[in-house]
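The values are calculated or read from the model by the stated rules, or taken from the named source; none is laboratory data. Because the structure is predicted, anything quoted here is derived from the model rather than measured. Cβ placement follows ideal geometry from the backbone for every residue including glycine, while neighbour counts extend to all protein chains displayed.
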Amino acid sequence: MSDTAASTHRKGPYAWTMSKVRGMYDWVLHWADTPYGLWALVVLAFAESSFFPIPPDVLLIALATGLPKKSFKFALYCSIASLLGGILGYGIGHFLWYSGDQYSDLAQWFFNYIPGFTPTRFTAVGDLYQQYNFWVVFTAGFTPIPYKLITITAGVFSINFAMFVLASVVGRSARFFLVGGLIYFFGEPIKSWIDRWFNLLVWVFTALLILGFVVIKYVM
């Protein structure tokens, strides 16, 4: 660990987490300045739905503000990739989560390295599915609650697959097309506003991401 990282870590786990997440955000954002921005968005949206911690919105905003007329194209690619990643997450939960009666090595890896994944929270999410079903998936797709936790648990608890896909399509598309639509219709004014406040927005996204894990930790 570098001296800077060690100093941040000594200030407390929250500051250390914010520092690590911000570093990942910076890495994600740099793709917007490369010829591979769209494909980076696709890979990010796909990965975030099953294991990667950074939501694709920040790269979606960066790409859309650079090319406002392509905002809906970026939102569409982001929605499709996120849905496919969610289906992968469902498959991980349904087919790979258990080895006999025990958690598989893959499940243990998620418990050890992916924030928000614990056996207790999986049981809590299972209870939520019994009551709310569609709305659990939709809410996770649209809000900062980590979508990956919901996609995998949906597979673990064998939630109706058609319902899962429908809720994911609605939740994820509503989220990404809302971002794309704002930039497309308001164009230069909102682009100027985002350019001015983009660093603050990155921190807001970071805080919302951490808030999502806090909700998982203390509510579920």
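In table form, for the structure just shown:
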item: Condition met for VAL125 (farther than 14 Å from SER50 by Cα and either touching a Phe, Trp or Tyr at 6+ places or on another chain (Cβ under 6 Å) or not aromatic (Phe, Trp, Tyr) (or both)); result: yes
item: Helices (runs of 4 or more DSSP H) wholly inside region 1-92 containing at least 2 residues that are at pLDDT 85 or above; result: 37-48, 57-66
item: Single residue of VAL165, VAL219 found to be of a type outside the set (Phe, Trp, Tyr) and modelled with pLDDT of 90 or more; result: VAL165
item: THR65 vs. criteria surrounded by fewer than 20 Cβ atoms within 10 Å (Cβ to Cβ), over 21 Å from LEU166 (Cβ atoms) and either free of Cβ contacts under 8 Å to residues at least 12 places away in the same chain or not hydrophobic (A, V, I, L, M, F, W, C) (or both); result: no
